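Read the structure below first, then the notes.
The values are calculated or read from the model by the stated rules, or taken from the named source; none is laboratory data. As the structure is a prediction and not an experimental result, all values here were calculated from the model. Quick reminder, even Gly has a Cβ in these numbers, built from the backbone with ideal geometry, and neighbours come from all protein chains shown. To get the accessible areas, we keep the full protein, side chains included, count just its heavy atoms, and leave off ligands, DNA and RNA. Shrake-Rupley method; radii C 1.70, N 1.55, O 1.52, S 1.80 Å.
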Amino acid sequence: MKTSILLLILIFCLSCSEKKIDKKSNYDQPNYSFNNILSYGKEDTIFIKSRFQDCGEWGGHEELVKIYRSERKPKLTYVKFKVDCGIRNSLGQIIQTKKFTQHILLSNSQQLVLMKYMNDLMKFQFLKEEISHSGNSFYLSNTKGDLKISHYGDQSLPLNSYNTLMTALKLPKVNIENR
């Protein structure tokens, strides 16, 4: 009789502890947010720099995305440049002129899309390198200097990923078909 009572108590305790584990596992879900990576000052900034092949081997227009904390919330500043492929400086480089700037207070879904793009950029490191004089370049860095990822090439996958990011941020997609 004592054994059956002990067995029932043991079963009851085990069933209760499993419920606690289930509840606890919900708290163990990772909380991905730019709030976890950016400090409270503007000195912490993540940069996404892109350059496209509008002018072939001479390069093309650049786009810059700056992600930082402002008023305790992640914010993004987007700067798009334009080029005239026929105008060069004294070094023979095409001249970048600012086309427009846009500021965005990032929603949770936009933060997730940015994180996905950064993850994709890391995956692009595993693509076969191309030897070419003409291609798009994508660069990810931060002000601390401990984050540096870049990709150069003419594959469509990085450009498609970048355009997906631009669509989610409600910014203009890159079209380099008409060069």
Completion exercise
Residues whose modelled amide H sits under 5 Å from the amide H of ASP154, counting only those 5 or more places away in sequence or on another chain, are ASN136
Practice task
Give the residues of segment 122-148 whose amide nitrogen is closer than 16 Å to a point set 7 Å from the Cα of ARG88 in the direction of its Cβ.
Solution key: 133-134
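Listed here are the pairs LYS75/LYS128; LYS80/LYS128; LYS75/LYS144; which of them are more than 26 Å apart at the Cα? Please list the in-between numbers first.
Details: LYS75/LYS128 34 Å; LYS80/LYS128 29 Å; LYS75/LYS144 18 Å.
From the list (LYS75/LYS128; LYS80/LYS128; LYS75/LYS144), the Cα-Cα distance tops 26 Å for LYS75/LYS128; LYS80/LYS128.
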Problem - Area of ASP120 that stays accessible when all protein chains are in place (1.4 Å probe, Å², to 10) - result: 20
